[in-house]
Amino acid sequence: MKSANALEAAEILLPYQKAWIEDESPLKIWEKSRRIGASWTEALNSVLLTQGSNGQNTYYLSYNKDMTRQFITDCKFWAGIVNIAAGELKEEIVKEDGKEFTVYRITFLNGREIVGLPSVPYAIRSKQGRVILDEAAFTDDFEEIKKAALALLIWAGSFSIISTHNGDDSEFYFFLKEIRDGKEKKWSVHRTTFNEAIRQGLYKQICLVKGIKWSKKGEEEFVKEIRGIYKSKAEEELDVIPSRSGSKYFPYGMLASCAVDSAKLPIVRLDCEDGFMWEAPEKRQKMVNEWFEIEIAPLLRKIANPCFLGQDFARSGNLSVLWIGEERTKQQLDSRLIIELNNVPYDQQWQILRLISKTCNLGYAAIDSRGNGQALAEAAATRLPCGAEMVMITRAWYAGIFQRLKSHLESREFILPDDQYILSDFGIITLKNGQPVVPNEENADREGKAKRHGDGAVAAAMCLYAWEEGSASAPPVVVFTGHGGDNIFQGY
């Protein structure tokens, strides 16, 4: 039973969030935009429904381990807000039907629990209570999970589905269509687009949480920034319109399943003002050396094994992204660090490459050598001790390396950062004539710092390529015999 006092305590809920909590239908579905706080809302709902004489256990299922843990963490947060005593979050390894999986749970004083499980049907067999299936469109066993969850209704349980879309060929999409066609009449359907969330006060609540003053201009810039991130995918990700099947090369569900937090895969960003390139060379070198020693060197020194670097080069306008991976075994490359450079002069990009080479055991590098990147790639190939591959990107190169990168992601052998900008780089890769390509479109970066053009995805592909080329046999080292110190691009 929901307590009126508890609901009043959660004053930051928006109308569409309150509507979800106030809907007591045993079968309900939320077709929603990203970034509107749907899972966060359900965390409060789950806490409230553990209480009272009819309190029930909740079983939360998702395809992503980090997302599941975050949901249980949010439940713990809400329990504190509404003053309901709950134990600490526990992480356990459970065996079921001969299979092992991780379970997250919190237990309340009345013995009721909220349990986070993987999105597989056997995880909820023999359970009683509520089932929440989050991001249902990205699960592999939607129909089987639905069948297992519906069995809980026999014992007064409930089943809620929350999801963004994942194309117009997903089982989630077809199930929604059945509901709207009247074939499934018992379901309560909620639908919230990004624009609707904004109209109901989403940005105002963000301002409240961040402690900044709301303004109409600020809201417009926020909306523009978010739409810029998703670009051509905004219809599906924000407007709740499923995309045509087969257009996305890296499905969001696959990317999210490989995403880890910044503690596991940090991103370091360096933004230079336009005037920086006019500073004296010695001053620029000193400033970058200091930045590197504080921000980058401590992270690189943690890497014990040979590492490999891929760089998608840009001087201005777009980002220059460096992706560094560590070779754990001959079959495993772990992403360890991503560096994003915005408006950084050529000399300083070369300086950063040299500092990386001196700080870690750099096995090989691969650098985009199209256009202006050729000079940097040439310097790396001839002057870095490890050598470098000067990659002239072609459609055939994209087709081969993206296919291999996708294979590593599908088997979760390659991790990505849980970062909206990096994931958006992968999100724009599309299929054209059966081959993956980077389309001629750009995504907005942070606060208008630069434009993104799939830079993170290309850098990741370069890193994988460097590992493939460099770990099999060491490349020849070309000894540079010229002069000029570090400022190899003077007068370029």
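Every number here is computed from the coordinates shown, using simple stated rules; none is lab data. If you're wondering where the values come from, they're calculated on a predicted model, not measured in any experiment. Don't worry about glycine lacking a Cβ; one is built from the backbone with ideal geometry, like all the others, and counts go over all protein chains shown.
Data overview
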item	result
³J(HN,Hα) computed for each position of region 379-390 - Karplus, 6.51 cos²θ - 1.76 cosθ + 1.60, integer Hz, glycine/proline x	4, 5, 5, 9, 10, 6, x, 7, x, 7, 8, 8
For Arg370, distant residues with modelled amide H under 5 Å away	Ile393
Helix 455-472 axis, angle to the chain major axis (alpha carbon atoms, nearest 10°)	60 degrees
Rg to Rh quotient for region 80-189, alpha carbon positions, Kirkwood Rh	1.00
Calculated Rg and Dmax of region 155-249 using C-alpha coordinates, Å	16.8, 51
Members of Lys224/Lys406; Lys28/Lys147; Lys204/Lys224 lying beyond 19 Å, as alpha-carbon distances in this model show	Lys224/Lys406
Check: region 155-232 dipole with +1 on Lys, Arg Cβ and -1 on Asp, Glu Cβ, in debye	440 debye
Dipole magnitude (debye, nearest 20) for the chain, charges at Cβ of Lys, Arg, Asp, Glu	540 debye
Which of Trp350, Ile428, Gly253, positive extreme of dipole for the chain (C-beta unit charges)	Gly253
Kirkwood Rh and Cα Rg combined as Rg over Rh, evaluated for region 265-424	0.95
Using alpha-carbon coordinates, inclination of helix 38-48 to the longest axis of the chain, degrees	40 degrees
As computed over the chain, the Cα convex hull volume per residue (Å³)	163 Å³
Cα extents of region 4-199 along the three principal axes, largest first (Å)	47, 43, 31
Separation of alpha-carbon centers, region 179-248 and region 26-73, rounded to whole Å	19 Å
Ranked Glu340, Glu279, criterion: other C-beta atoms within 10 Å, fewest first	Glu279, Glu340
Least to most buried among His190, His165 (fewest other Cβ within 10 Å first)	His190, His165
Cβ-based exposure ranking for Lys18, Lys233, in which fewest neighbours within 10 Å come first	Lys18, Lys233
Total formal charge among the other residues, if their Cβ is under 12 angstrom from that of Arg336, Lys/Arg +1 and Asp/Glu -1	+1
Counting DSSP beta bridges with both ends in the chain, the antiparallel % (nearest 5)	45 percent
C-alpha long axis of helix 171-180 to longest principal axis of the chain, angle in °	40 degrees
Using distinct alpha-carbon pairs, which all enter the 1/r mean, Kirkwood radius of region 186-340 in Å	19.9 Å
Proximal lysines relative to Lys264, as straight alpha-carbon distance under 18 Å, when same-chain residues fewer than 8 apart are discounted	Lys65, Lys302
Pairwise centroid distance, computed over Cα atoms, of region 394-408 with region 331-365, Å	22 Å
